[in-house]
Every structure is written in structure tokens, then in C-alpha cells.
Amino acid sequence: MPVSPVCDRFGRMAELRRSPLHDRHVALGAKFAEFGGWTMPLQYTSIVAEHKAVRSSVGVFDVSHLGGIRVTGPNARDFVNECLTNDLEKIGPGQAQYTLALTRQGGVVDDIIAYLIADDHVFLVPNAANNNDIYALLQRQAPGALEVSNEHPLYAKIALQGTHSDEILHALGAPYEHAYMHFRGGRIGDADVTVCRTGYTGEKGYELFVGADEAGPVWDAIVAAGEPYGILPCGLGARDTLRTEMGYPLHGHELSIGINPLEAMCGWAVGWDKPEFWGSEAVKEARATGVTRKIRALQAQGRGIPRPDMTVLDAAGAEVGRVTSGTFSPTLGVGIALALLDASITPGQEVVVDIRGRHETFDVKKPPLVQPQVREP
């Protein structure tokens with residue numbers, strides 16, 4: 001995988017990975033940003049325009065920074081199920097599942113999509129920055145009959161998101177209209193692709209896995225097929241505003257080793273009836289005793305734009321939490337946030353965010369903050 005030299009925060013030379021599609025982004029005039037050890041497109045035209053393309057029609061994202069770990073061998077499903085929170089027994093081959101890797105104390109090491117190919121074959125997609133950590137944890141605990149392989153550099157991942165994504169895949173002869181969190185194999189041109197009904201925007205969409213060496217022609221074909229629908233290449237900036245409108249967590253913000261799944265409002269991704277998984281004892285104890293803080297969505301009454309780590313106050317001026325993600329919502333035209341707040345703060349209440357010394361009033365909401373055209377479950 002190509003890399004580019006940069007300086008880390010200590011002034012030392014470090015290397016950022018480049019996507020297999022990097023040259024396409026350069027040709028499109030993308031602005032780049034570091035994300036999880038990769039240099040990735042932040043935006044091409046404007047974050048607002050790219051965001052609105054996804055909400056109104058269709059957009060295409062390069063998400064090749066996302067990880068890839070393959071677990072194969074006898075009882076691979078059972079092994080992964082004993083490690084991660086969600087219950088892989090609830091899905092069958094050809095289905096995917098959102099799940100979490102926890103510390104012994106119940107904090108979130110990463111959130112992961114698990115693709116069940118067969119009982120002896122599971123493919124995991126962690127976040128970019130955590131791929132090697134998850135790989136090391138699985139490899140360390142895997143029995144000798146299982147093979148755990150780090151395939152992070154082998155694939156490009158392309159997210160096609162928006163109501164016209166079906167028409168584009170149809171025009172390309174690729175599989176589409178399969179159920180949410182299901183995946184199917186197919187071809188685009190000469191390339192084999194796996195098309196997964198998943199995404200991070202709330203709109204109907206798909207994520208495609210393709211070999212790194214074949215990614216360029218597939219990207220080109222998607223862009224060409226999307227021209228009648230006004231497709232726009234979209235960067236990580238729009239991806240962030242889209243997911244914040246939906247209340248989707250981002251690791252390092254709403255999820256971290258200091259935040260457990262119940263605090264992050266991700267208890268639905270825990271197989272509570274499973275006898276064991278990493279961190280099961282701690283998180284089950286937290287469930288029994290209750291948590292004192294929870295992630296909530298906030299929507300500005302005025303013009304203030306919140307940013308991560310800003311202080312949240314109640315009506316009496318007491319500190320009740322911190323913003324974990326904050327941005328301007330292109331759909332609503334106001335500032336929005338996700339915040340880790342005292343559990344006593346519930347939807348329907350008002351709070352105040354300290355925005356650089358100026359107090360701005362926000363409504364506490366239950367996400368999503370917007371309703372997509374065709375919302376995925």
C-alpha cells in the first residue's frame with residue numbers, strides 16, 4: 001500500500017497509508033486529511049454539497065481506510081462469538097452484524113462489522129486505527145486450528161450511499177436490493193466485488209469490497225453510471241456530518257475504552273444471553289447497577305456550532321457532561337452534537353453548551369435528528 005511521509009505531533013517523520021484510489025482523488029482536486037493513520041479525502045467540492053447529494057440523490061465515498069481481518073478454520077464463528085459482544089448465532093451466512101470488542105473493564109476497544117461467510121469463515125471490518133489491535137487480540141487467543149489473517153491492505157472499500165444507489169448498481173450489473181445487513185458477490189466490469197447493504201449515513205446504500213489492484217476501474221464505473229443522478233464523490237467531512245445527524249457513534253468520540261456500550265446507547269449490540277465474551281462480566285454488572293451517564297443528541301436553538309470536548313451545563317449552570325461530536329447540520333441548518341451527559345438529562349429537556357465562553361441553548365433529542373428519504377433499519 002502506498003504511503004506518504006508526514007510529521008507526527010512530536011515532529012518525527014511518520015508514514016500515512018494511501019488508499020488504492022489516491023490518484024483518483026488527487027485528479028478530482030480533493031482536500032486531504034489524516035484519519036486513523038491514512039491520508040483520506042476530506043472533501044472535493046464542499047462538505048455541505050456532498051452531504052446534500054447523499055440526502056437528496058447519491059454520493060460515493062472511498063472508505064478503504066477501514067480494516068479487514070479474516071478468521072478461518074473449524075468453528076471460526078464460535079470463536080469470534082466468544083470474543084465480540086453481539087450474538088453471531090442470530091445471523092446466517094451472507095449476513096453481517098454490528099458488534100463490539102471490549103476491554104476487561106467493559107470499555108470499547110472498537111466497533112466492528114462482522115461478515116458471516118460460513119461457520120468456518122468470518123470476515124471482520126474494524127476501524128482503521130484499531131485494525132492491528134483487534135488482529136493482535138484475536139491472533140493471541142485463537143486456537144491452533146484457526147487462522148487469523150490481517151488483510152487490511154488487500155481491499156479497497158467503496159461506499160455508495162443514497163436513494164439512487166440501486167439504479168447505479170443495476171446499471172453496472174452488480175447485485176442490489178438485498179436485505180439490510182446482507183451481502184452478495186458479483187462483478188463490475190472485470191472485477192469481483194462483494195456488495196454489502198451497509199453504510200454510515202442512514203440513507204439506503206451499499207459498501208463494496210474490491211481487490212486493491214482493481215479498485216480504480218470500479219470507482220470510475222460507479223462515477224460514470226451515477227452521472228445521470230448527479231452523483232458526487234464525497235469525503236470524510238460529509239461522512240461525519242451525515243452520521244452525526246443520525247446519531248451514529250464514532251470510535252474515539254462516542255465509543256472508547258472509557259465509555260461502555262450502555263453509556264454509548266449501544267446495548268442493543270450486546271448478546272446479553274451469551275455466557276461469555278470479552279468484557280462480559282463488567283458490562284453485565286454495569287447493566288445490573290445502571291449507568292450514570294449516556295450519549296444524547298443535541299440540536300441548537302440558535303446559531304452556535306458545538307465542537308468536541310465543549311462543556312454542557314444544565315439550566316442551573318451545573319456541568320452535566322461534554323460534547324463528544326459537534327458540527328453544523330446541512331439538513332437542519334443549525335448546530336448539532338452528540339454528548340455524554342448525566343443520565344438524568346433526557347430527551348425533551350434543554351441544556352447549555354459553553355461555546356468559547358458564549359452560552360448557547362440546545363434541545364436534547366433522541367436520534368436520528370433527521371429522517372432520510374429511505375432510512376435503513
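Just so you know, all these numbers are worked out from the coordinates, no wet-lab data involved. None of these values were measured; they are calculated from a predicted model. Cβ atoms come from the backbone with ideal geometry, glycine included; neighbour counts cover every protein chain shown.
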Ordered by number, the chymotrypsin sites (Phe, Trp or Tyr not before Pro) in the stretch 232-313 that occupy a DSSP loop and have at most 15 other Cβ atoms within 10 Å are TRP272
Among trypsin sites (Lys or Arg not before Pro) in the stretch 317-377, those in a DSSP loop whose Cβ has at most 10 other Cβ atoms within 10 Å are ARG356
Ranked from fewest to most other Cβ atoms within 10 Å of their own Cβ, ARG55, ARG140 fall in the order ARG140, ARG55
What one gets for the stretch 183-323 as the Kirkwood radius, inverse of mean 1/r over different Cα pairs in Å, is 19.0
At the level of C-alpha centres, the distance separating the stretch 202-217 and the stretch 15-65, in angstrom, is 13
Pairs over 21 Å Cα to Cα, from LYS294/LYS365; LYS284/LYS365; LYS274/LYS294, come to LYS284/LYS365; LYS274/LYS294
A correct fewest-to-most ranking of PHE328, PHE183 by other Cβ atoms within 10 Å would be PHE328, PHE183
Filtering GluC sites (Glu not before Pro) in the stretch 255-324 by DSSP loop and by at most 16 other Cβ atoms within 10 Å leaves GLU276
Summed over the other residues with a beta carbon less than 9 angstrom from that of THR324, with K and R at +1 and D and E at -1, the charge totals -1
Computed on Cα atoms only, the convex hull of the chain has an orientation-averaged projected area in nm² of 19.0
